[in-house]
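The values are calculated or read from the model by the stated rules, or taken from the named source; none is laboratory data. What you are looking at is a predicted structure, and each value in this text was computed from that prediction instead of being measured. Note that each Cβ is placed from the backbone with ideal geometry, even for glycine, and that neighbours are counted across all protein chains shown. Calculation scope for accessible area: heavy atoms of the full protein, side chains included, ligands and nucleic acids excluded. Shrake-Rupley method; radii C 1.70, N 1.55, O 1.52, S 1.80 Å.
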Amino acid sequence: MSIPLGRIEEIIDGSGVAPQVEALLPIGVRHRQLRVRTLLAGMMLTQADQRPAHLTRVRDALTALPEPDQTRLGVTEDWKTGPHLLTYRQTERTFGLVAGVLAKDTPDGLPAGILAAICDDLLEASIPSEHKQASSSLAVDWTDVETFSRPPSRGSSDCADPEASWGHRSGGGPGQDSELFFGYYASAATMMREEHGPAVPEVARRMTVCSCHADPARALVPVLTAMPAAGIPLGDILADSGYAHRDAGAWALPLRQSGAQLVQDLHPSDRGPRGTHHGAIIANGNLYCPATPRPLLELGPLARDATPDQTAAHDQQTAETARHKLGRVTGDDHDGYHRVMCPAVMGKIRCPLRPASMTLDRTRPEILTPPSHPPACCTQQTITVPPDVAAKTRQKHDYPSAAHRKSYARRTGAERTFSTAKDPATNNIARGWTRLMGLTPLTLWLTCLLAVRNQRILAAWNARQDDNARRAAAGLPPKTRRRRRKTLADLTTAGIPP
């Protein structure tokens, strides 16, 4: 889908990055024909036309514009010898200057602060104002981006891209869990609908790139935690176990401190009972009664191919587990402390250690063998929970309950973001997509790609909304997508005459 030049210029001007970068560039002896604003427009036009991220393609896109636009953007200028058309050497020169001022003096595999701010501004400007407050939920994920450089030979560290390094990605072969690649990790935060809210366009709101020797989860945290200061509150952060398995100080604590609520899958090594606090069992981010049946605490997530009966049984077990959970009675204070209460005191279970709970009806679970030496959680009305207890696994919903499963299902939007970026029918960011090497050039190109992708998503969203409005006016229900599946019988009988 082609994107109008006017919309691209609106994004660049709305972000305000062009004059900001232009002020950083050195003033040379000779006049520089290609300005930063025109360079960014050419980069976005290249991605809008589904071309590789090559500087020759940038020049081709700019010189293919109508003559009035070329004159207005400085692609064609009047020199002493007559009209002069932008050359590839001038394109390369301006891009090199921009990449130089946005890079760190000592590269460490992470983007410089000025580069990260420019990426944030460009992506934010690519989202129309009517959609900026549509949702505060973000689905996060990272993917592999190979560098054009060949990896260093065995026993050497020298290559054309010294910032790139070896990383792991999902393997493409049968039974292959992962494989090595040489390049970078690209992370993106995609806007998703609220938990009980209407659908929203799945636009990429933030992104970052880091070398594979750096942790992509840690690299994304400062990008997300800077959003509240920019007037964008954090809501639900949907993440897989690759993020949740990081230590609490690297992921969960800074996001929670910034106002985010985590909805994430737990790593297998983090599931189930993990110690105690004042006698209460720490499991899956919550505190449970010491007499909670062990099988309930060891429940895992529901299998993808679960039948309706299995789903109902699993939901019943997680609801039973929730009855044994110590309930919150206060919110977090400034230091992150809160208080919880015994489930028997709250009237969720019957326990002989709490005589008042034994008068409850027998539909509630009953503790038959209470602890012979009751701990503090059984003798006190409430106990204090410090922020370091279950700091890594604590999240919005009980894991792995039905509420958590339904909320976590929104995370697939992050995978759709990268699937469109890697789609050969649009912009395939596989090796060779760009021949420029280094963290800064790659980050600039990926930012332009995601800004253009946002326009495609918004155009498709507006088309669907218009179609739904027409169908509603005609008294028809909204159009739904049908899954077309072929069974093994369909495949085996294909081509056989009836």
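See the values below:
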| read-out | value |
| --- | --- |
| Ordering of 365-378, 436-449 by burial proxy (mean other Cβ atoms within 10 Å per residue, highest first) | 436-449, 365-378 |
| Coordinate range along principal axes, alpha carbons of segment 321-461, Å, largest first | 72, 34, 25 |
| Cα-only Debye scattering, the chain: base-10 log of I(q)/I(0) at q = 0.06 Å⁻¹ | -0.38 |
| Amide N proximity, segment 203-218 versus E179 label position 7 Å along Cα-to-Cβ, cut-off under 20 Å | 212-213 |
| Cα convex hull of segment 1-137, projected area averaged across orientations, nm² | 10.4 |
| Stretch gain in nm, segment S241-S156, where the contour uses 0.36 nm per residue and the Cα spacing is subtracted | 27.2 nm |
| Per residue accessible area of the chain, 1.4 Å probe, in Å² | 50 |
| In nm, spacing of pseudo-spin labels at S269 and T106 (7 Å Cα→C-beta vector) | 3.2 |
| Accessible carbon and sulfur surface of the chain relative to its total accessible area, %, 1.4 Å | 54 |
| Residue list for segment 244-262, given a label point 7 angstrom along the Cα-to-Cβ vector of H213 and an amide N cut-off under 13 Å | none |
| At 1.002 mPa s and 20 °C, Stokes diffusion of segment 131-251 via Kirkwood alpha-carbon radius, µm² per second | 132 |
| Which of L449, T382, S153, positive extreme of dipole for the chain (C-beta unit charges) | T382 |
| Formal net charge of residues neighbouring T420 (Cβ-Cβ distance under 9 Å; K, R +1; D, E -1) | +3 |
| Stretchable slack from A463 to E194, in nm (0.36 nm times residue separation minus alpha-carbon distance) | 94.7 nm |
| Distance from segment 67-124 to segment 39-60 (C-alpha centre basis), Å | 12 |
| Rounded FRET efficiency, nearest 0.05, which uses the C-beta distance separating E77 from D335 and R0 of 56 Å | 0.35 |
| Cβ-derived FRET efficiency at R0 30 Å, R294 paired with Q380, nearest 0.05 | 0.80 |
| Qualifying trypsin sites (Lys or Arg not before Pro) for segment 316-370 [loop in DSSP, other Cβ within 10 Å: at most 11] | R362 |
| FRET efficiency, D69 to T363 (Cβ-Cβ, R0 56 Å, nearest 0.05) | 0.15 |
| Contour excess over end-to-end distance, with Cα ends at N428 and R93 and 0.36 nm allotted per residue | 118.0 nm |
